[in-house]
Amino acid sequence: MSKKPFPNIDLDGHDFPPSPAPSSPRPGRKYALATELVYTESNDQYNASSMPIYQSATFKQTSGSGGGEYDYTRSGNPTRTHLERHLAKIMSASRALVVSSGMGALDVVTRLLRPGDEVVTGDDLYGGTNRLLKYLATNNGITVHHVDTTNPESVRAAINTKTALVLLETPTNPLIKIVDIPAIATAVHAANPGALVVVDNTMLSPMLMNPLDLGADIVYESATKYLCGHHDVMAGVLAVKDETIGDKLFFTINATGCGLPPNECFLLMRGIKTLAIRMEKQQSNAQAVAEFLEAHGFRVRFPGLKSHPQHALHWSMARGAGAVLSFETGNVDVSERIVGSTKIWGISVSFGCVNSLISMPCRMSHASIDAKTRAERHMPEDIVRLCVGIEDISDLIDDLQTALVQAGAVRITADGFEAWGTGQTVAGGVQVKTDEEPVVDAPEVGAGAS
Ligand SMILES: Cc1ncc(COP(=O)(O)O)c(C=O)c1O
Ligand SMILES: N[C@@H](CCSC[C@H](N)C(=O)O)C(=O)O
């Protein structure tokens, strides 16, 4: 039997480096997530409290036949392994892997597909996800079925022997629809045991939901959002319970070279330590903003509101509502004026940042979905998305209220102000009265705001 060269290095690229569940203050005891997020042991040679950045492309070996734990950063790097082990712990996974972006993570997942395979996914999806799936359908012989994933029966009806992946987002981006992961996972696995249920958990993060515990086979997310939290890193995370799937995902990462570089790993690790406290503040701010808008007559989509049609389903899976909400004005021009009038709310794509952001998904994050498809999928063109940060809540509401008034999105009443279309709900949003001129000069704000 020939002796394997480089015995500690997996030349086939399957199981190196491993990322089993890592450090815990007392192994075997389950701590609250807020504790696990900040607790890490690095086994660093100098006992550094923060895992150092191993900014090295190569690692010297002890002999010509290898002997080192690492050889080349594309294949593995101590800073990356440390982060992956930490993520495996907080994502309830046996293995986690980090790559260069959220789309990079989805790309790694879709490399499991072969020509002729089918994907079943939602009809409300992040624009970039839709774009990658469309590319695969156009160029790689993959059939993609977009169905209403809020109805598990629609998903089940689309499953057949060719189904390789079922890709879910919940809450969906940007319509904030909720998808029943356990019901769908059970139905998919019963109909086709070979099909993998993949969940994009970007909107909630491991702080609020662990899709692997709800029946998903693979969870991925854009770590650019909540995990990082400061909009200074692009990163993607993948996590699995089944190590065979983990090996396949790692193979692609090593083979294609999309593993997250050490500097980014360091920044992401630092961001993760404050996830609990950021998320807590962002959620309470989001709840207050959602209630403010709803109280003034806007149609608001947010799972923290009792009026959300799938409120109970969301809370059966998640530990919080998140901090992304959307609302409609009934008029694209009015929505554009609101977006253009805010000062604290930055006009920007993305979410999960400590800063509050405002955007028009149809013009920005979801512009890559063509207008005809957006219309077929009932995406209101006037929809405004708010991604709530950690600022003072009175300042956030005051800035939004000023923008609503300046944009002419509300009319002044004896008691304060209300959306023009209060009570006049039509398909796709709130009807704005067109027979009255919108208010364009901003009256003094503050009085009457709730
Ligand atoms: C739900 C969702 N998934 C995935 C992505 C892709 O992540 P990234 O921008 O890090 O590639 C995004 C946003 O970009 C997103 O909103
Ligand atoms: N120009 C980018 C748009 C990124 S959108 C980022 C984020 N997912 C969001 O929903 O805001 C692109 O073409 O991908």
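The values are calculated or read from the model by the stated rules, or taken from the named source; none is laboratory data. What you see is a predicted model, and the numbers here were worked out from it, not measured in a lab. Don't worry about glycine lacking a Cβ; one is built from the backbone with ideal geometry, like all the others, and counts go over all protein chains shown. Surface areas here come from the heavy atoms of the whole protein model, side chains and all, with no ligands, DNA or RNA. Shrake-Rupley method; radii C 1.70, N 1.55, O 1.52, S 1.80 Å.
The set of residues in region 333-343 being open to solvent by 70 Å² or more (accessible area, probe 1.4 Å) and within 26 Å of residue 229 (Cβ to Cβ) consists of 343 alone. Checking residue 125 against (1) at pLDDT 95 or above; (2) within 16 Å of ligand 2 (Cβ to nearest atom), only one condition comes out false. Which one? It is condition (1) that residue 125 fails. Among the residues of region 74-95, is any part of a loop (DSSP other than H, G, I, E, B) and within 16 Å of ligand 2 (Cβ to nearest atom)? Checking region 74-95: not a single residue is part of a loop (DSSP other than H, G, I, E, B) and within 16 Å of ligand 2 (Cβ to nearest atom). Out of all the residues in region 254-261, is one or more under 22 Å from residue 320 (Cα atoms) and either buried (at least 21 other Cβ atoms within 10 Å of the Cβ) or within 16 Å of ligand 2 (Cβ to nearest atom) (or both)? There is no residue in region 254-261 that is under 22 Å from residue 320 (Cα atoms) and either buried (at least 21 other Cβ atoms within 10 Å of the Cβ) or within 16 Å of ligand 2 (Cβ to nearest atom) (or both).
When residues of region 145-168 are filtered for being open to solvent by 30 Å² or more (accessible area, probe 1.4 Å) and either touching a strand residue (DSSP E or B) at 6+ places or on another chain (Cβ under 8 Å) or under 28 Å from residue 313 (Cα atoms) (or both), how many remain?
Number satisfying all stated conditions: 12.
Taking region 217-227 as the range and being within 13 Å of ligand 2 (Cβ to nearest atom), touching a strand residue (DSSP E or B) at 6+ places or on another chain (Cβ under 9 Å) and either without any contact (Cβ under 8 Å) to a residue 12 or more places away in the chain or not in a strand (DSSP E or B) (or both) as the test, the residues that pass are 223, 224, 225.
Say we look at region 54-69 and pick out the residues that are assigned to a loop (DSSP other than H, G, I, E, B) and hydroxyl-bearing (Ser, Thr, Tyr); which of these is farthest from residue 42 (Cα to Cα)?
That would be 65.
Residues being within 16 Å of ligand 1 (Cβ to nearest atom), modelled with pLDDT of 95 or more and surrounded by 16 or more Cβ atoms within 10 Å (Cβ to Cβ) are represented in region 112-121 by at least one member. Of the residues making up region 187-205, those that are farther than 11 Å from residue 222 by Cα and in a strand (DSSP E or B) are 196, 197, 198, 199. Residue 376 meets the conditions (1) open to solvent by 10 Å² or more (accessible area, probe 1.4 Å); (2) over 24 Å from residue 131 (Cβ atoms) in every case but one. The failed one is (2). Residue under question is residue 291, and the condition is that it be more than 16 Å from ligand 2 (Cβ to nearest atom), under 18 Å from residue 387 (Cβ atoms) and surrounded by fewer than 23 Cβ atoms within 10 Å (Cβ to Cβ); does it hold? Yes, satisfied.
Does residue 222 satisfy being polar (S, T, N, Q), within 18 Å of residue 317 (Cα to Cα) and within 17 Å of the chain's Cα centre (by Cα)?
On the way: polar (S, T, N, Q): yes; within 18 Å of residue 317 (Cα to Cα): no; within 17 Å of the chain's Cα centre (by Cα): yes.
Considered against the rule, which asks whether it is polar (S, T, N, Q), within 18 Å of residue 317 (Cα to Cα) and within 17 Å of the chain's Cα centre (by Cα), residue 222 comes out as no.
Pull out all pairs, ordered by first then second residue, where Cβ-Cβ is under 6 Å, the residues are six or more apart or on different chains, the first lies in region 37-49 and is in contact (Cβ under 8 Å) with a residue 12 or more places away in the chain, and the second is not in a helix (DSSP H, G or I). Hits for this filter: 39/25; 40/23; 41/23; 42/51.
Out of contact with any Lys or Arg (no Cβ under 9 Å at 6 or more places or on another chain), over 19 Å from residue 204 (Cβ atoms) and in contact (Cβ under 8 Å) with a residue 60 or more places away in the chain - does that describe any residue in region 271-280?
Scanning region 271-280, I find no residue that is out of contact with any Lys or Arg (no Cβ under 9 Å at 6 or more places or on another chain), over 19 Å from residue 204 (Cβ atoms) and in contact (Cβ under 8 Å) with a residue 60 or more places away in the chain, so the answer is no.
Of the numbered conditions (1) among the polar types (S, T, N, Q); (2) under 19 Å from residue 33 (Cα atoms); (3) open to solvent by 10 Å² or more (accessible area, probe 1.4 Å), residue 282 fails exactly one; give the number of that condition. The single condition residue 282 does not satisfy is (3).
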